[in-house]
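Step one of this worksheet: look at the structure below.
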């Protein structure tokens, strides 16, 4: 299975009133065919920005890619014009957002919106488009009755709206779906249904996915591989079972210690300090001010991704040193 | 004797859909709910959209008018008091809202925000007021340098602290925490929970935690009451409820929580369908259309709230033995393996759109209608 | 617990005040910066400031203040603009420039009076209607509906016709005609704000209703109200002029701009200066207020900010 999407050393800046926000500082990611990659991190870490950058949805005046590549099946998406990207959006790479109510146009019915997407990308008759819409709705677990097709978004519940958004996203058979916090606004039992739906879409339709979330549990249950982001870089990446059972990056470890799952209120750990201001981020490793393993090197030098085992990569000097010593011990 | 309790609380909202009186719809937000928060304990009110948990909390804060039933403080009914006494009662129950930014007036400085309750009910002013404001901020970990700034200059976690400082200003007995951590990141959430824990110990507070995040609930609550469509389905000590849920909805809820341990595969999609409309709730047991274990009687008669082992109460027709049992915490996910899957319920019912509209606060009727979690602020 | 509030010394007082109001000060600075980005608004503001200054110091600035106020100068009737009389003389020989200066003074005064009246009546009523809802809302809204059902100028004319001509009655009539718009505006804001968590929080803290309306709801209405007001002032000025034009407003010899146009109407083809300068004054004043209103909208409208 080849790489469907590869993001290589992506650096991205935003121009704002207060200064230049260095939002992405060298993001490295790969998504393979039929794979679900989790992009996990807290607010401000750049996960949503990364998702938007893939589809070229960032405002061109304010957002600048200063270096790096985004390759989809070998083609560099950053080199494409907006018209070329329009052909890709919805057809080759689709996106689903956090707030289904805001993603759907309130004055058009569900049927109208999905048919419009289909007819934008494929030359089909209205009747065929309607059939295709029904198939898309069926794939996302919605009834294919006329009632649904002729419903307006506000007439559906939150879970159904999110399914409708997903139906819209897969309606043209995109091999890659980017889901940006698709369940954050939903109740836990509905979230559970939608997560099952994501897995079903992968199994039945072969849709690869990037699942952006701040909820570690959601990532743990749905993804094959996961990338943990902090302040604009990927700090740890690998198979979900490796990263979550054996976290190596100090941030990932600290994040796990903060989770309330199975701990009493008095036992919760916290991470000292706060998320850095990306206009004036820390030098070297952006996590160093809050890291208990910080060394002098961490202030000067940005750590590069180092393999820890198999596909498990970590961007940390401390971990890299430990790996080097272990390897030295083995070869000695 | 409970510190703060509700007895047979019923709250219905009227929604006018057209001009005539005939098109009046009634939203059965809360129906015959009875429970209490004891001194020094944290009781979690758990439920999803449409469960009525926020409405119950608001009733306890005198933010809405119950259709029937009572809100009691130390067994004295609040509704029986005069307007003046009711106002004085407000200082004993305070609230911290879910969204830290919208719960603080963006035009007010931190100082004025924390001083507001002190000026209103605390009747403080001058030096005494200033000193109290500073000490409250110190208690939540903020300093005098923050006094004169506005909320938009702070992070979500800091705003939540300001809201907490404001809530404890009048030295309440009970603080209602309305999903205090759902708008926060994991690392920030942890700090807020630690702070709330410290304050509880230090100030002898009791908490009513309205929440849907069961991981937080399990970590913080002493007692849990699970609500579905306006009724309590199960209530009891947290340890008991989490290790041995005795209602199919509680089981489904617990099974749906995604575990951060990838090797513990949660059962996804255990509970199909959506919450039905509160305008036209299902007959009999309100959960029966989605229940995998439903019996014939469930669609005809509403179950009564009865005592069950382990100090719990439950409202369910099912004999206890039918439900899966876990022998311990490790066993929990194995327990969920055996949970049956219900047939998907019909997509949406009559009046779903009305209820959804009401929940989003679009009621034409000028009466106060609260937003439930479905609302996307 | 040590109190960290510094003692207020005389030198520390200003520093302390600045500290306490730092948020408001920095926001004002930010607002001013945004406003100044709109060049037209700046020009408009400058013009208005200029006119206001001239109006205030009319007795000093006007070359012939008595004539401005109405004293005739029959020797120089209908003279065209000249060195001594830059705007010419009207049919009673009075200096048109001085008349225009005093005229704008009147226009601004009446407009200000109407503005104050409209705000004092409309804003609180709107806030109360929106916050309490129920029958209070119904009653107030029906009253506004009633008034708004009439075309505003016709209603004003009718009210003045009933009560008798004169600028005072014009002002009163305009206040009656205009306050419903603001009540509506503020009511809408009030309704949307009363569900906000911070208003609910204030209620739980025992803050009384009138204080909630005053501290939480009305401050958020200030922005839209001011924007609406600056845009409306132009209309008010025109309305006053219009009513004076048809004889219902200012009476001679008052130097009202509308009256001047009316008086100059007969001479417009030959001694155009009688009417045209007055008309120009109205035009520029209204235009300036519109520019400023647009500029203020960028500053104060919460949707276009941040």
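The values are calculated or read from the model by the stated rules, or taken from the named source; none is laboratory data. Quick caveat, the model's predicted, so the values are computed rather than measured. Because the Cβ atoms are built from the backbone with ideal geometry, glycine has one as well, and the counts that use them run over all protein chains shown.
I'd like the residue in the range C:36-70 that is free of Cβ contacts under 8 Å to residues at least 40 places away in the same chain and not in a helix (DSSP H, G or I) and, out of all such residues, is surrounded by the most Cβ atoms within 10 Å (Cβ to Cβ). Looking at residues that are free of Cβ contacts under 8 Å to residues at least 40 places away in the same chain and not in a helix (DSSP H, G or I), I get C:64.
When the residues of the range B:303-320 are filtered to those that are surrounded by fewer than 18 Cβ atoms within 10 Å (Cβ to Cβ) and touching a strand residue (DSSP E or B) at 6+ places or on another chain (Cβ under 8 Å), the one that is modelled with the lowest pLDDT is B:320.
Applying the condition of being free of Cβ contacts under 8 Å to residues at least 12 places away in the same chain and either in a helix (DSSP H, G or I) or at positive phi (or both) to the range C:146-157 and asking which residue is nearest to the chain's Cα centre (by Cα) yields C:154. Tell me, which residue of the range B:152-163 that is under 28 Å from the mean Cα position of the chain (by Cα) and at the interface with chain C (Cβ under 9 Å from one of its Cβ atoms) is farthest from residue B:94 (Cα to Cα)? Within the range B:152-163, the match that is farthest from residue B:94 (Cα to Cα) is B:152. Looking only at the range B:123-150, residues that are touching a residue at least 40 places away in the same chain (Cβ under 8 Å), assigned to a loop (DSSP other than H, G, I, E, B) and facing chain C (nearest Cβ under 9 Å) come to 1 in all. Every listed requirement among (1) closer than 30 Å to residue A:229 by Cα; (2) within 10 Å of another protein chain (Cβ to nearest Cβ) is met by residue B:169 save one, (1).
Per this entry, residue A:182 is not counted among residues that are modelled with pLDDT under 90 and assigned to a loop (DSSP other than H, G, I, E, B). Just one of the numbered conditions (1) surrounded by 24 or more Cβ atoms within 10 Å (Cβ to Cβ); (2) in contact with a helix residue (DSSP H, G or I) (Cβ under 6 Å, 6 or more places away or on another chain); (3) in a loop (DSSP other than H, G, I, E, B) is not true of residue B:180: (2). Every condition in (1) surrounded by fewer than 24 Cβ atoms within 10 Å (Cβ to Cβ); (2) out of contact with any strand residue (DSSP E or B) (no Cβ under 8 Å at 6 or more places or on another chain); (3) farther than 22 Å from residue B:270 by Cβ is met by residue A:175 except one, and the failing one is (2).
Taken over the range B:194-213, residues that are within 16 Å of the chain's Cα centre (by Cα) and within 7 Å of another protein chain (Cβ to nearest Cβ) amount to 1. Just wondering, is there one or more residues in the range C:117-134 that are on the phi > 0 side of the Ramachandran plot, without any contact (Cβ under 8 Å) to a residue 40 or more places away in the chain and either in a helix (DSSP H, G or I) or within 14 Å of chain B (Cβ to nearest Cβ) (or both)? Within the range C:117-134, one or more residues are on the phi > 0 side of the Ramachandran plot, without any contact (Cβ under 8 Å) to a residue 40 or more places away in the chain and either in a helix (DSSP H, G or I) or within 14 Å of chain B (Cβ to nearest Cβ) (or both). Considering every residue within the range A:169-177, establish whether at least one is within 26 Å of the chain's Cα centre (by Cα), at pLDDT below 90 and within 14 Å of another protein chain (Cβ to nearest Cβ). No, the range A:169-177 has no match at all. Residues of the range A:198-223 that are surrounded by fewer than 23 Cβ atoms within 10 Å (Cβ to Cβ), assigned to a loop (DSSP other than H, G, I, E, B) and more than 10 Å from every other protein chain (Cβ to nearest Cβ): A:206 alone.
One residue stands out among those in the range A:224-253 that are part of a strand (DSSP E or B) and within 10 Å of chain B (Cβ to nearest Cβ): the one that is farthest from residue A:45 (Cα to Cα), which is A:239.
Just to verify a result, which residue in the range B:59-91, among those that are on the phi > 0 side of the Ramachandran plot and outside any strand (DSSP E or B), is surrounded by the most Cβ atoms within 10 Å (Cβ to Cβ)?
Once the filter is applied, the top-ranked residue is B:62.
Only one of B:86, B:107 is modelled with pLDDT under 90 and out of contact with any strand residue (DSSP E or B) (no Cβ under 9 Å at 6 or more places or on another chain). Can you tell me which? Exactly one of B:86, B:107 is modelled with pLDDT under 90 and out of contact with any strand residue (DSSP E or B) (no Cβ under 9 Å at 6 or more places or on another chain), namely B:86.
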